[in-house]
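Asker: Before I ask anything, let me first share the structure, which is written out below as structure tokens.
No lab work stands behind these numbers, since they all come straight from the coordinates. Owing to the predicted nature of the structure, the values given are computational and were not obtained by experimental measurement. Positions of Cβ are generated from backbone atoms using ideal geometry, with glycine treated the same way; all protein chains shown enter the neighbour counts.
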Amino acid sequence: MAVLKRLMLARASAVVARGLCSGRELGSGSGCGPKQLPLQRSPEGRNRQWVFLGCPGVGKGTYSSRLSGLVGVPHISTGDLVRDELAASGPLASQLAEIVNHGKLVPDEIIIDLLSKRLEAGEAKGETGFILDGFPRTVRQAEILEGVTDIDLVVNLKLREEALLAKCLGRRICSQCGGNYNIASIDIKGENGQPGMYMAPLLPPPHCASKLITRSDDTEEVVKERLRIYNELTKPVEDFYRQRGKLLEFDLPGGIPESWPKLLQALKLGDNADKKSAAA
Ligand SMILES: Nc1ncnc2c1ncn2[C@@H]1O[C@H](COP(=O)(O)OP(=O)(O)O)[C@@H](O)[C@H]1O
């Protein structure tokens, strides 16, 4: 199964590279697209396969990694896979740096190759299911994914636009432990009938405070370009999943303490009162 999934993704990748098939052909399993495997598509015997969508800065990484711990499936972020590749300084690194630092999207064939290697490594370790964060990011990627496996649920995280840029600019990572923090304190005043919104900073513990770094693509100019690209290329992915009845819209009401319990409720995971303490 792992090898098949890998081969199918690799084939999808080759197809994208050559531009031979339309995504619809890939998704339908006909023509030159990969064949669908009933076994692979069945939810029985496998864990959740969820996708998180949302603008840069919305908190996809924060919420999807918390949920991954809660429901016991791996959190797979294609942004993290790209950053790992950059950090490894391999043959792809300079090409990727040029793309990522301009806020552009990495070509499908590279992203699919990184993702299929990650899925294969996970399956070798016995992982089943996933929470995908940052993939699919275009309708084409959604069609390719649909061609190889079923997605059970797509969570579309939404946050008021005024907060997104500030959240990206406030993002900090501990260079030692990899912990994610945010120094932005967001306080949007209520006006014209719209309620206000407060999001407290997520400050690092003292042992991380002197080791904080900022992502190279979290500059104002690049974040604005990433938001533009999201609206142009990723927003249509919402419709793709809406039409298939898989999209769960979730408006973040504020920071983690307010949002996490509500998200658990929306996902029908809310009865686990003890697990809600993860919001603390
Ligand atoms: N599915 C994808 N397709 C193309 N490029 C991607 C994909 N996922 C990540 N990337 C690249 O990695 C960068 C960082 O991704 P991510 O960490 O998900 O950022 P964001 O905070 O903008 O959601 C993106 O701007 C893009 O260059």
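Asker: Among Lys189/Lys262; Lys167/Lys189; Lys60/Lys235; Lys60/Lys167; Lys60/Lys211, which pairs are too far apart, with a Cα-Cα distance over 19 Å? Don't jump to the answer; show the numbers that get you there.
Answerer: Details: Lys189/Lys262 22 Å; Lys167/Lys189 16 Å; Lys60/Lys235 15 Å; Lys60/Lys167 12 Å; Lys60/Lys211 23 Å.
Checking Cα-Cα distances, Lys189/Lys262; Lys60/Lys211 exceed 19 Å.
Asker: Report the label-to-label distance for Glu258 and Tyr198 in nanometres (one decimal), using points 7 Å from each Cα along the Cα→Cβ vector.
Answerer: 0.9
Asker: Under the definition of Cα pairs under 8 Å and six or more residues apart, what whole-number percent is the relative contact order of region 65-186? Walk me through the numbers on the way to the answer.
Answerer: Working: 82 pairs, mean separation 29.1, N = 122.
Across region 65-186, relative contact order equals 24 percent.
Asker: Once you put a point 7 Å from the Cα of Lys117 and another 7 Å from the Cα of Asn101, both along the Cβ direction, what distance in nm separates them?
Answerer: According to this spin-label approximation, the distance is 2.1 nm.
Asker: Next question. Please order Val237, Val73 by the number of other Cβ within 10 Å, starting at the fewest.
Answerer: Working: Val237 24, Val73 20.
Lowest count first: Val73, Val237.
Asker: Work from the charge dipole of region 86-205 (Cβ charges, +1 for Lys and Arg, -1 for Asp and Glu, about the Cα centre) and give the residue of Asn192, Leu145, Leu119 farthest towards its positive end.
Answerer: The Cα lying farthest towards the positive end belongs to Asn192.
Asker: Another one. Please state the shape class of region 48-93: rounded when a/c is under 1.5, otherwise prolate if a/b exceeds b/c and oblate if not, all from the C-alpha gyration tensor.
Answerer: Working: a/c = 2.77, a/b = 1.79, b/c = 1.55.
Cα axes put region 48-93 in the prolate bin.
Asker: Ratio to report: Rg/Rh of region 149-194, with Cα atoms as the point set and Rh obtained by the Kirkwood method; give two decimals.
Answerer: Numbers: Rg = 15.6 Å, Rh = 13.6 Å.
Here Rg/Rh amounts to 1.14.
Asker: Taking N as the number of residues in region 84-124, what is its Cα Rg relative to 2.2 N^0.38 Å? Working shown, then result.
Answerer: Values: Rg = 11.1 Å, N = 41, 2.2 N^0.38 = 9.0 Å.
Output field value: 1.23.
Asker: Return the subset of Lys117/Lys224; Lys246/Lys268; Lys117/Lys158 for which the Cα-Cα distance in this structure is over 20 Å, preserving the input order.
Answerer: Working: Lys117/Lys224 31 Å; Lys246/Lys268 15 Å; Lys117/Lys158 30 Å.
Going by Cα-Cα distance, Lys117/Lys224; Lys117/Lys158 fall outside the 20 Å limit.
Asker: Now a separate question. Can you tell me how much longer the chain between Glu232 and Glu162 gets when fully stretched, taken as 0.36 nm per residue apart minus their C-alpha distance, in nm with one decimal? Could you put the intermediate results ahead of the total?
Answerer: Details: separation 70, 0.36 × 70 = 25.20 nm, distance 1.85 nm.
Taking Glu232 through Glu162 to full extension adds about 23.3 nm, to one decimal.
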